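Structure, as structure tokens:
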Amino acid sequence: MKQQASTSTNTIALSAGSYSFLARVKPWAIQALIMIAPFVVYGLFLLCYEVNPVELYVSMVKSTFGDLYGFGEVLLKATPFILTGLAAALPAKAGLVNVGGEGQLAIGALFATWFAVFYLNDFPAWLGIPLMMIAGALGGAVWAGLVAVLKVKGRLNETITSVLLNYVATFTVGFFVHGLLKDKESFNWPFSPEIASSLRLPIINGTRLHIGFVVALVLAVLVWYVLTRTRLGFRIRVLGSNRLAAERAGMNINKMYFWVLIAAGMLAGIAGMIEIAGIEGRLRASTGANFGYLGFLAAMMAWNKPLRLIVTAFLLGMISVAGNTLEISSGLPSSSVNILMALVLFFILGSGRWAKR
Amino acid sequence: MIADILTGAIRSGTSVMLASQGELVSERAGVINLGTEGSMLAGALGGFAVTVWTGNPWLGALAGGLCGLLIASIHAFLVLSCGANQLATGLTIMFFGMGVTAFFGRDFVSQQIVGFNPVALPGLSDIPFIGPILFNHDPLTYLSILLVPLLWYVIFRTRVGIMLRTAGEREEVLFASGVNPKLVRYLAVLAGGFLAGIGGAQLSIAYTHSWVENMTAGRGVVAVALVIFASWKPARAMLGAYLFGAAQALQLTVQQQGLAISPFFLFMVPYLLTLLALLIVERRKKSQTPEALGRVFAGEAGG
């Protein structure tokens with residue numbers, strides 16, 4: 001199959017004119033079809049529930065690009081997806097499947113809140129916010145460290161351990177918001193006290209969008225730079241594409257696995273910190289629920305390429321915001337857009353053989 | 001108290017056990033299915049819904065199995081026919097299952113059913129200590145216990161079993177002997193989804209008698225982990241599932257005793273125990289992973 005494809009492209013490239021045009025258009029057409037198909041299928045699903053899909057899609061685009069506030073909301077939603085997406089994409093380049101972004105985000109949020117509530121209350125913003133971010137990264141690193149140790153020392157598959165640890169992370173956060181971190185003035189509601197207002201991330205006027213989005217963008221570019229432009233990145237990619245070659249080249253594979261996972265955990269942990277300092281202001285048991293999984297999906301949609309990930313995270317952000325619209329305008333639960341997200345992914349996964357470049 | 005925990009081990013371990021037997025069949029044929037979680041959720045909801053509508057838990061269990069099979073068919077199609085990555089597809093299906101069941105399950109939250117209740121086997125259940133532990137369960141649990149030796153027999157003693165195992169080890173051999181490995185894998189994944197679906201249904205119509213959003217809470221993932229723990233052997237997967245069930249039962253018992261341990265620590269125990277079990281097994285011996293597992297059709301023979 002592969003050989004056939006490459007020979008045919010060769011002939012096309014050699015011959016002139018319309019052939020090369022076709023060769024250029026076809027992959028794009030297939031890609032476009034793959035992106036449109038899930039929306040059509042989901043539209044049929046909506047029709048069964050007497051919701052007009054065209055109206056939904058139009059309002060989705062309108063609410064995204066119609067005004068600054070809406071655009072900000074989508075970027076806001078995309079922010080954690082970029083970071084948890086990086087937490088999946090970076091290890092993927094080294095041949096690891098980290099599904100632990102969910103738990104790493106949760107523990108990052110826990111560490112960040114803990115530090116904010118108990119130590120950073122009186123700190124000025126310029127010092128407090130970075131320290132809180134470090135705390136978040138540390139939390140994510142600790143959780144990813146568990147996966148890394150189990151992988152390197154225990155030889156356990158990181159996919160399964162990271163998913164299992166996601167559940168443990170959720171219960172850990174539950175333990176703290178019901179106990180040591182519980183707001184004493186909350187009339188028994190299980191959430192942490194609010195963090196100091198000086199620790200809240202600055203927002204752009206007229207929106208709810210905060211500086212965390214820029215952090216996510218910078219980190220995505222940084223990961224892209226490291227992966228594609230540095231020796232370290234080259235070594236990571238070699239390890240991911242051919243473990244045997246990496247071993248022969250004398251790389252310390254376990255060490256690389258370990259640190260790649262730690263870096264991934266830090267990225268997801270920062271996402272947790274941003275959720276607290278940027279939006280929620282306090283830790284709840286449900287903070288960031290599903291963000292890790294959605295980030296993983298965003299990374300897969302981007303074929304684990306950090307810059308493309310920004311686009312796919314934006315797309316998922318749009319769909320998430322549309323979920324709220326859907327709930328308000330037609331009474332369907334917002335979880336029903338998860339169906340759309342999964343459909344988008346099914347089509348992408350199923351098309352892998354033809355569309356992957 | 002010990003008797004309570006052991007009874008609970010079987011009662012709450014059954015759903016995981018059924019799912020892990022299904023996953024075992026699928027992995028024996030070479031396909032990892034993390035979508036087991038999605039199949040269980042679909043089975044739990046589908047089984048519950050049909051029990052609500054018909055009042056017949058047997059129909060519910062069957063529907064649960066079919067719902068699980070339906071979800072697994074997506075996995076089979078994407079992995080086997082489209083060549084998609086197994087882990088990625090499985091995770092997407094896990095997520096899909098959460099979304100779909102949250103959506104369709106909305107109206108079933110807080111509904112009541114009669115469902116399956118424990119049936120004490122006459123005579124046997126009167127045996128002191130052992131009787132109540134082993135012989136006072138819902139019908140699905142009895143059937144699931146019978147399933148284990150049956151599966152062992154099919155996998156290791158029949159022609160079908162040989163085909164299944166060959167599909168997971170050396171598909172070329174199967175292909176050369178005129179059997180389509182893809183077909184074998186399709187059937188194995190579908191069978192696995194069916195069992196996971198019944199497992200999910202057992203959770204909703206026999207164990208809790210209710211539907212709650214995302215109620216499987218990772219049992220599907222645990223089932224996948226247990227198959228590794230069991231080194232692809234049915235009886236050991238059963239043991240692992242009951243161990244998980246025991247941890248769940250322990251948690252309930254401790255809570256009832258009013259001991260001053262945070263319930264959240266107790267919730268973690270089953271998952272940590274699963275990790276620990278994996279660690280111990282990995283330490284002990286070389287893994288007996290089916291050779292073609294996860295790399296299905298990387299070098300497809302002529303197909």
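The values are calculated or read from the model by the stated rules, or taken from the named source; none is laboratory data. A quick note: this is a predicted structure, and the numbers were derived from the prediction, not measured. Note that each Cβ is placed from the backbone with ideal geometry, even for glycine, and that neighbours are counted across all protein chains shown. Areas reflect the complete protein model, heavy atoms only, side chains present, ligands, DNA and RNA absent. Shrake-Rupley method; radii C 1.70, N 1.55, O 1.52, S 1.80 Å.
Once you've got the GNM for chain B with C-alpha springs shorter than 10 Å, pick whichever of B:275, B:174, B:259 has the biggest mean-square fluctuation.
Looking only at B:275, B:174, B:259, the biggest GNM fluctuation is shown by B:259.
Could you work out the relative contact order of segment A:38-155, using alpha carbon pairs under 8 angstrom and six or more residues apart, expressed as a whole percent?
18 percent
Longer than 23 Å from Cα to Cα, which of A:93/B:233; A:93/A:255; A:77/A:305 are they? Say none if no pair is.
Where the Cα-Cα span goes over 23 Å, the pairs concerned are A:93/B:233.
In debye to the nearest 20, how big a dipole does segment B:1-117 give about its Cα centre with +1 on each Lys and Arg Cβ and -1 on each Asp and Glu Cβ?
80 debye
In whole Å, largest first, what are the principal axis extents of the Cα atoms in segment A:231-357?
59, 42, 21
Fully extended, how many nm does the chain gain between residue B:56 and residue B:111 (0.36 nm per residue separation, minus their Cα-Cα distance)?
Gain on extension, residue B:56 to residue B:111, equals 18.3 nm.
What does the structure give for B:270-281 when I average, per residue, the other chain Cβ atoms found within 10 Å of the residue Cβ?
Whole-number average of other-chain Cβ neighbours for B:270-281 is 4.
What is segment A:140-266 by shape, rounded, prolate or oblate, if you read a ≥ b ≥ c off the alpha carbon gyration tensor as root eigenvalues and call it rounded for a/c under 1.5, prolate for a/b larger than b/c, and oblate otherwise?
Oblate, because a/c is 1.5 or more while a/b does not exceed b/c.
At q = 0.08 Å⁻¹, what log₁₀ I(q)/I(0) does a Debye calculation on the Cα points of segment B:1-298 give, no solvent, two decimals?
-0.33
Please work out, to two decimal places, the log10 of the ratio I(q)/I(0) at q = 0.08, 0.11, 0.12, 0.14 Å⁻¹ from a Debye calculation in which every Cα of chain A carries one identical scatterer.
Debye output, listed in q order: -0.44, -0.81, -0.94, -1.21.
Run the helix sum for chain B: -39,500 (n - 2.57) per DSSP H stretch of 4+ residues, divided by residue count, reported at 222 nm to the nearest 500 deg cm²/dmol.
Result for chain B: -23000 deg cm²/dmol, rounded to the nearest 500.
Can you find, among B:191, B:293, B:38, the residue farthest towards the positive end of the dipole of segment B:1-298? Put +1 on the C-beta of Lys and Arg, -1 on that of Asp and Glu.
Toward the positive end, the furthest listed residue is B:293.
Against the globular-protein guess of 2.2 N^0.38 Å, express the Cα radius of gyration of segment B:67-213 as a ratio, rounded to two decimals.
1.32
Projected onto the charge dipole of segment B:1-298 (+1 at Lys/Arg Cβ, -1 at Asp/Glu Cβ, origin at the Cα centre), which of B:86, B:128, B:58 gives the Cα projection farthest towards the positive end?
B:86
Modelled label-to-label distance, residue B:235 and residue A:47, 7 Å Cα→beta-carbon offset: nm?
Between residue B:235 and residue A:47, the simple spin-label model gives 5.6 nm.
With a Förster radius of 41 Å, plug the Cβ-Cβ distance of residue A:228 and residue A:184 into 1/(1 + (r/R0)^6) and report the FRET value to the nearest 0.05.
The pair residue A:228/residue A:184 has a calculated efficiency of 0.25.
So if R0 is 30 Å, what FRET efficiency would residue B:85 and residue B:156 give, r being the distance between their Cβ atoms, rounded to the nearest 0.05?
E between residue B:85 and residue B:156, to the nearest 0.05, is 0.50.
Let's test this: bin the Cα-Cα distances of segment B:189-247 at 10 Å from zero up to the farthest pair and state each bin's percent.
Computed distribution, short to long bins: 21, 53, 25, 1.
Nothing charged except the Cβ atoms of Lys and Arg (+1) and of Asp and Glu (-1): what's the magnitude of the dipole of chain A about its Cα centre? Round to the nearest 20 debye.
Its charge dipole is roughly 1780 debye.
Starting with the highest mean, order A:268-276, A:299-307, B:217-225, B:42-50 by the number of other Cβ atoms within 10 Å, averaged over the residues of each peptide.
Going from most to least packed, we get A:268-276, B:42-50, B:217-225, A:299-307.
Just how large is the dipole of the protein assembly as shown about the Cα centre, in debye to the nearest 20, putting +1 at every Lys and Arg Cβ and -1 at every Asp and Glu Cβ?
2440 debye
Please give the peptides A:288-295, A:66-73, B:132-139 ranked by average Cβ packing (other Cβ atoms within 10 Å per residue), highest first, as a rough proxy for protection.
So the peptides A:288-295, A:66-73, B:132-139, ranked by packing, come out A:288-295, B:132-139, A:66-73.
Determine the shape class of segment A:80-119: with a ≥ b ≥ c the square roots of the Cα gyration tensor eigenvalues, call it rounded for a/c under 1.5, and otherwise prolate if a/b is greater than b/c, oblate otherwise.
Prolate, because a/c is 1.5 or more and a/b exceeds b/c.
At most 14 other Cβ atoms within 10 Å and a DSSP loop assignment: could you name the trypsin sites (Lys or Arg not before Pro) in segment A:168-259 that fit?
Those that pass, being in a loop and sparsely packed, are A:184, A:208.
Roughly how big is the B-A contact, given as buried accessible area in Å² (both sides, 1.4 Å probe, nearest 100)?
Adding both sides of the contact gives about 3800 Å².
Tell me the carbon and sulfur percent of the accessible area for chain A, rounded to whole percent, probe radius 1.4 Å.
Carbon and sulfur atoms account for 66 percent of the accessible area of chain A.
Compute the label zone of residue B:146 within segment B:1-39: residues whose backbone N is under 14 Å from the point 7 Å along Cα-to-Cβ.
none
Report the per residue volume, in Å³, of the convex hull enclosing the C-alpha atoms of segment A:169-226.
152 Å³
Can you tell me what percent of all Cα-Cα pairs in segment B:1-92 are more than 18 Å apart?
Here the tail beyond 18 Å accounts for 52 percent of pairs.
For segment A:93-182, what Kirkwood radius comes out of the mean inverse Cα-Cα distance, in Å?
Over segment A:93-182, the inverse of the mean reciprocal pair distance is 13.8 Å.
Other chains near A:149-162: what is the mean number of their Cβ atoms within 10 Å of each residue's Cβ?
For peptide A:149-162, the averaged partner shielding equals 4.
Working only with C-alpha atoms, what are the Rg and Dmax values of the protein assembly as shown, expressed in angstrom?
For the protein assembly as shown, the Cα radius of gyration and maximum Cα-Cα distance read 25.1, 87 Å.
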